[in-house]
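Following: one structure in structure tokens, then a few remarks.
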Amino acid sequence: MKVSDKNLPVRGELTDEIEPSSTLIPVCQDAATACPAPRPLARPVSLKGRVGPDGYEPENAEWWEVLTTPAPSGEQRRYGCDPMSIPPEVLAAAGHPVRRTRAILSALGDEPVDPDIRSYKDLRRHCLKCAESPSEVRRCTVIDCPLWPYRTQHNPHNPRHGRNPFNQDR
């Protein structure tokens, strides 16, 4: 079975069988490994969510469960995941592809931006102005903000930054 470019790679073995409904959703052969349902690739985010009957809905809302985690204390609130713990392929599929700093700032649109921002490390300054405290920046759940993966002063798309090069897990 051919997996569409719009689907994320899934773990486990894929079968070549096509179901009678002729869908292109991969089917796992091994039931022990979790095969997440493929999600559509999101366009690069630019704070263009909308307010619906249930509140604010980000433009990449289908990635909400992947990019956030439940609060550890059992609250109804969710926290943003550490972007360095999310694979770069998942970030790119969720609407956070590799971009230059200038392109990230232009994606903010009309929002006022500090003119001294020149690198990924400087992007956190904008986040600190938006949030109430550094802990709120760390837990940020505005996943359709172009700055979201850079809020920790690290570039999650750089495979060597912040990781042990001798660790073969990643």
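What to note about this one:
Quick grid of which residues meet (1) at positive phi; (2) at pLDDT below 85; (3) surrounded by 11 or more Cβ atoms within 10 Å (Cβ to Cβ):
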position	(1), (2), (3)
Asn7	no, yes, yes
Arg43	no, yes, yes
Val51	no, no, no
Asp54	no, yes, no
Glu57	no, no, yes
Ala61	no, no, yes
Glu65	no, no, yes
Thr69	no, no, yes
Gly95	yes, no, yes
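For every residue, the table says whether it meets (1) at pLDDT below 90; (2) surrounded by fewer than 18 Cβ atoms within 10 Å (Cβ to Cβ); (3) not acidic (Asp, Glu).
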site	(1), (2), (3)
Asp116	yes, yes, no
Ser119	yes, yes, yes
Ser133	no, yes, yes
Arg138	no, yes, yes
Pro146	no, no, yes
Tyr150	no, no, yes
Asn155	yes, no, yes
Arg160	yes, yes, yes
Pro165	yes, yes, yes
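The values are calculated or read from the model by the stated rules, or taken from the named source; none is laboratory data. Given the structure is predicted, the values throughout are model-derived calculations rather than measurements. Quick reminder, even Gly has a Cβ in these numbers, built from the backbone with ideal geometry, and neighbours come from all protein chains shown.
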